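In what follows, a single structure is set out as structure tokens and then discussed.
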Amino acid sequence: MLLEVNELCQRFGNSDILKDINLEVERGETFVIVGPTGSGKTTLLRLIGLLDKPASGTIRFGGREVPDSARARLELRRRIAIVFQRPAVFNATVYDNVAYGLRVRKEKRASLRNKVARALETVGLSGYEKRDAQTLSGGETQRVALARAMVFEPELLLLDEPTANLDPVYISNVERLISQIIRDLDTTVIMSTHDMFQGQRLADRIGVIISGEMLQTSDPREIFSRPQSRSLAEFVGSENILRGVIASNEDGIVTIDTDGIPLEAISNLDPGSEVYACIRPEEVILAPAKDLTSARNTFPGEVSHIVLFGPLARVEIDCGFPLVALITKKSAEEMGLQTGSCIYAYFKATGVHIIER
Amino acid sequence: MSELADAFVTALKLIFTGDPEVMAVAARTLGISCSATFFAALISIPIACLIHFNHFKGKGTLISILQTFYAIPTVLVGLLVFIIFSRAGPLGGLGILFTPQVMVIGQVVLISPLMTGLTVSALSGVRPEIRDTAVSLGAGRLQMARTVLVEAKYATLTAVLIGFGRAISEVGLAIMVGGNIRGFTRTLTTAMSLETSMGNIELSMALGIILLSLALIVIIIPSWIQQRSSRVQQR
């Protein structure tokens, strides 16, 4: 275990920025912290990077608790690199910027030159050595920051929202670069992002942090399909979240009473349990007429709103409760859907994810 | 009006014929003020770093006090240094009152608070991200301080130059602790003061022009370097 974080809290003034964060990251793992802006991601990375000291809680690095003395902290910090969300470059050449980490470690000149050249090549900035770092574009600056962090081969690489300030065209570029660095350097990476999908693309494991609390850590797929709390469900895009009470349970098929409307789902919870039923919009099927299907939940309704984006259509339906379906634009056209159309909405019992309240 | 023009012509003559006494006074003035600036920078910059990079109680008050000292009258510093280095004073045993050395010391006392305060401002002007970046890349405290200081190099240089400007232009301190001894502690400002009171306007004016030129050269060279390097950056 490279990193163990225990009951970590951070407080600025009277407000708790981080509350009881627990986290373990294995050597070689890529762990992505996902959360909305202001959720405490940067604060957590600054604590892990030993830039700040926590209000309470412990961090163990390589099995050893992070010490208090400045000298020992510096020694540990030199095994970690951080790339900030808005990287600042020193008022110097690209070469001097990338060489910085090696110089403070008193690297010999010959190997320093080789390492800088290799790092610049990795990020695709060979030939930029003599350029003034402050004249670079946002994407180039980000790449200098990555080169500067990887050049001393840190055991732990921390990336704070590495693509948040980039134009969309550069994002996939930098993402590709990050995957390449992860592969080449064979290092442990902790990255933060507000983009759930980016987390899914790059992570071995994801932790979701909302309002300073780590709500769930698991593999990327599970976070989407089985969020463990209502705010998490909202964050990962379960747009249909209904409050209800389990009315009955027959062999693991439960009926949930949501304001008089019964839903069927799979669960082992006992009747009387208070729950949220979450249905992802892409799990909802629409049909113009009532058909016999295997789906356990069928509701007649009226289309109240349609929004097209790209090849998809987001259809809001009033079934006595609001339900959002995500279908292809083509299907919507073939069915002639428009505001006011009467249709049937279907979803399977297995498409309903239940969260205990 | 014609008197003034005559004075100006005489002044230029004195300068371009290289009058040995005038040149000696100019060289001494430059020597004393440059030494004072050097030693003041040697003291002020590390102290400014200590103040800027540490959090302690009373930091704001300390900076306010420093800023108050920007405006300290030169005669007050002169008096203080005089008392300390006079025969009966605590450092009277050194016997350096009315020497160039004590003038350097006085100027150091005069300009150090100014230089320290302005250097603290210079360091505060560097974005905090630079400090974080240095630390995150493995810099120790000294290495980090050095990096931030390098980022603030032009503003720090300005602080040093302003200190130099105050040192070379002051007269009260130089007279009180230097004594305006001909060939020994006479500087451009003290000489001007004396010559003017004796009615030698031409000589005084010549000294004034030299003083202004010296100050101008010392101030202009660094800012010329700065402009050149920023132009290179823009390219």
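Give the number of residues within region A:151-168 that are outside any strand (DSSP E or B) and either among the aromatic types (Phe, Trp, Tyr) or farther than 26 Å from A:Ala117 by Cβ (or both). Write out each step before concluding.
So the first thing to find is which residues in region A:151-168 are outside any strand (DSSP E or B), and the list is A:151-155, A:161-168.
Still in the running and either among the aromatic types (Phe, Trp, Tyr) or farther than 26 Å from A:Ala117 by Cβ (or both): A:152, A:161, A:164-165, A:167-168.
Adding up the residues that qualify gives 6.
Report whether or not A:Lys290 is part of a helix (DSSP H, G or I) and basic (Lys, Arg).
The answer is no for A:Lys290.
Please specify each residue of region B:156-201 satisfying the condition of being β-branched (Val, Ile, Thr) and not in a helix (DSSP H, G or I).
B:Val171, B:Ile181, B:Thr185, B:Thr187, listed by residue number.
Looking only at helices (runs of 4 or more DSSP H) that lie completely in region B:1-115, which have at least 2 residues being closer than 18 Å to B:Asn180 by Cβ?
Those helices (runs of 4 or more DSSP H) span B:20-53, B:74-85.
For region B:122-154, how many residues meet the condition of being surrounded by 19 or more Cβ atoms within 10 Å (Cβ to Cβ) and on the phi < 0 side of the Ramachandran plot?
18
Picking from B:Thr99, B:Thr74, which residue would you name as being in contact (Cβ under 8 Å) with a residue 60 or more places away in the chain and touching a Leu at 6+ places or on another chain (Cβ under 6 Å)?
B:Thr74
Regarding B:Met192, is this residue touching a Gly at 6+ places or on another chain (Cβ under 7 Å) and more than 14 Å from chain A (Cβ to nearest Cβ)?
Values: touching a Gly at 6+ places or on another chain (Cβ under 7 Å): yes; more than 14 Å from chain A (Cβ to nearest Cβ): yes.
Judged against the criteria, B:Met192 is a match.
Check region A:152-175 and report whether any residue there is more than 21 Å from the chain's Cα centre (by Cα) and over 30 Å from A:Lys19 (Cβ atoms).
Looking for residues that are more than 21 Å from the chain's Cα centre (by Cα) and over 30 Å from A:Lys19 (Cβ atoms), one finds at least one in region A:152-175, hence yes.
Name the one entry in A:Thr193, A:Thr141 that is in contact with a strand residue (DSSP E or B) (Cβ under 7 Å, 6 or more places away or on another chain), surrounded by 15 or more Cβ atoms within 10 Å (Cβ to Cβ), of a type in the set (Val, Ile, Thr) and within 30 Å of A:Ile209 (Cβ to Cβ).
A:Thr193
How many residues are buried (at least 18 other Cβ atoms within 10 Å of the Cβ) and within 14 Å of chain A (Cβ to nearest Cβ) when one looks only at region B:156-165?
So the answer is 1.
Which condition does B:Ile209 not pass, out of (1) in a helix (DSSP H, G or I); (2) facing chain A (nearest Cβ under 10 Å), if it passes all the others?
(2)
How about region A:151-195: which of its residues are within 13 Å of chain B (Cβ to nearest Cβ), within 30 Å of A:Gly237 (Cα to Cα) and not aliphatic (A, V, I, L, M)?
Listed by number, the residues that qualify are A:Asp160, A:Asn165.
Return the pair list, or none, for Cβ contacts closer than 6 Å from residues in region B:48-67 that are under 18 Å from B:Pro128 (Cβ atoms) and touching a residue at least 24 places away in the same chain (Cβ under 8 Å) to residues that are part of a helix (DSSP H, G or I) and among the small types (Gly, Ala, Ser), at least 6 apart or on different chains.
Pairs that qualify, where the first residue is under 18 Å from B:Pro128 (Cβ atoms) and touching a residue at least 24 places away in the same chain (Cβ under 8 Å) and the partner is part of a helix (DSSP H, G or I) and among the small types (Gly, Ala, Ser), are B:Cys49/B:Ala145; B:Phe53/B:Ala145.
Of the numbered conditions (1) within 27 Å of A:Val34 (Cα to Cα); (2) away from chain B (no Cβ under 11 Å); (3) outside any loop (DSSP other than H, G, I, E, B), A:Arg148 satisfies every one except a single condition; which is it?
The failed condition is (2).
So if I check each of A:Pro54, A:Pro67, which one is assigned to a loop (DSSP other than H, G, I, E, B) and buried (at least 21 other Cβ atoms within 10 Å of the Cβ)?
Exactly one residue qualifies, and that residue is A:Pro54.
For region A:152-160, indicate whether the set of residues that are surrounded by fewer than 19 Cβ atoms within 10 Å (Cβ to Cβ), out of contact with any helix residue (DSSP H, G or I) (no Cβ under 7 Å at 6 or more places or on another chain) and not charged (D, E, K, R) is non-empty.
no
A:Asp132 passes all but one of (1) crowded, with 16+ Cβ neighbours inside 10 Å; (2) at the interface with chain B (Cβ under 10 Å from one of its Cβ atoms); (3) free of Cβ contacts under 8 Å to residues at least 24 places away in the same chain; (4) of a type outside the set (A, V, I, L, M, F, W, C); which number fails?
Only one criterion is unmet by A:Asp132, namely (3).
Restricting attention to region A:15-37, which residues are over 20 Å from A:Gln180 (Cβ atoms), touching a residue at least 60 places away in the same chain (Cβ under 8 Å) and in a strand (DSSP E or B)?
Those that are over 20 Å from A:Gln180 (Cβ atoms), touching a residue at least 60 places away in the same chain (Cβ under 8 Å) and in a strand (DSSP E or B): A:Asp16, A:Ile17, A:Leu18, A:Lys19, A:Asp20, A:Ile21, A:Asn22, A:Leu23, A:Val25, A:Ile33, A:Val34.
Residue-wise test of (1) of a type in the set (S, T, N, Q); (2) farther than 27 Å from A:Ser179 by Cβ; (3) at the interface with chain B (Cβ under 10 Å from one of its Cβ atoms).
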residue	(1), (2), (3)
A:Ala72	no, yes, no
A:Arg77	no, no, yes
A:Val83	no, no, yes
A:Val89	no, no, yes
A:Leu102	no, no, yes
A:Asn114	yes, no, no
A:Val123	no, no, no
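Run A:Thr141 past the list (1) at pLDDT below 95; (2) at the interface with chain B (Cβ under 10 Å from one of its Cβ atoms); (3) part of a helix (DSSP H, G or I) and report the number of the one that doesn't hold.
If we test A:Thr141 against (1) at pLDDT below 95; (2) at the interface with chain B (Cβ under 10 Å from one of its Cβ atoms); (3) part of a helix (DSSP H, G or I), just (2) comes out false.
Looking at region A:161-187 only, could you name the residues that are within 17 Å of A:Arg77 (Cβ to Cβ) and either at pLDDT 95 or above or surrounded by fewer than 18 Cβ atoms within 10 Å (Cβ to Cβ) (or both)? Spell out the reasoning first.
So the first thing to find is which residues in region A:161-187 are within 17 Å of A:Arg77 (Cβ to Cβ), and the list is A:187.
Matches in region A:161-187: none.
Would you please name the residue that is nearest to A:Gly138 (Cα to Cα), looking only at residues in region A:43-83 that are in contact with a helix residue (DSSP H, G or I) (Cβ under 7 Å, 6 or more places away or on another chain) and in contact (Cβ under 8 Å) with a residue 40 or more places away in the chain?
By that ranking, first place goes to A:Val83.
The values are calculated or read from the model by the stated rules, or taken from the named source; none is laboratory data. It should be emphasised that the depicted structure is a prediction, and the values quoted were computed from it without experimental measurement. Heads up, the Cβs are rebuilt from the backbone with ideal geometry, glycines too, and the neighbour counts pull from every protein chain shown.
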